[in-house]
Amino acid sequence: MTEKMKAVFGRFLAQNKDKKLRLLVVLGLAGILLIALSEWLPRRVEQTHGEQPTGAAVSVAQVEAALEERIATLIRQVDGVGDCHVMVTLESGSRLVYAADRTYSIAAENDSGSEKILLIETDGGPAGLLVTEIQPSVKGVAIVCDGGGDPAVCRQVTGLVSAAFNISSGRICVAKQK
């Protein structure tokens, strides 16, 4: 078959005296050939910096541990605290919010409607259209430190943690270490 194609193209090019037209036909055929070949080449997936691959979500325990370390480092800077241990509890893990197509029934008395998550086509198949990721909120903080018996230190640490996490002082407990 390739010999027949070569013969047909050879006759066409030999019959056609106009060099510009010959060049245009050859370039067009080369473009079509490259497009056809590109379907057989493997695709390379590039990941931009900062993106996390699917399935690499951070666990609640990892988030808690990171927050505990950051708060412990911060609290140790307060005068009178000394050695400290911090425990942070979270309300829940991270939540992903996807774009949704909502339809509401005007005739219905209650506002029941239907909701369908909008999908986009990816290399791995259809996936939900991610709008945002809601980070977990802090449920409570427990701090055990050398200076926990001093009311002034307790007030300073409670105020610091309250400001850092934007939680009420009732969710923070500071105790003296043995």
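Ordering 118, 142, 129 by the projection of their Cα atoms onto the charge dipole of region 116-177, which places +1 on the Cβ of Lys and Arg and -1 on the Cβ of Asp and Glu, puts 142 at the extreme positive end.
So, R0 is 41 Å and r is the distance between the beta-carbons of residue 37 and residue 95; what FRET efficiency does that work out to, to 0.05?
Details: r = 45 Å, r/R0 = 1.09.
Efficiency, from the Cβ-Cβ distance: 0.35.
The modelled label-to-label distance between residue 178 and residue 130, using points 7 Å beyond Cα along the C-beta direction, is 4.5 nm. Of all accessible surface on region 134-178 at a 1.4 Å probe, what whole percent is carbon and sulfur? That share works out to 54 percent. Once both labels are positioned 7 Å from their Cα atoms along Cα-to-Cβ, the gap between residue 117 and residue 3 label points is 5.8 nm.
The values are calculated or read from the model by the stated rules, or taken from the named source; none is laboratory data. Computed from a predicted model, the values in this text were never measured in an experiment. Positions of Cβ are backbone-derived with ideal geometry, glycine not excepted, and every protein chain shown enters the neighbour counts. Only protein heavy atoms, including side chains, enter the accessible area calculation; ligands, DNA and RNA are left aside. Shrake-Rupley method; radii C 1.70, N 1.55, O 1.52, S 1.80 Å.
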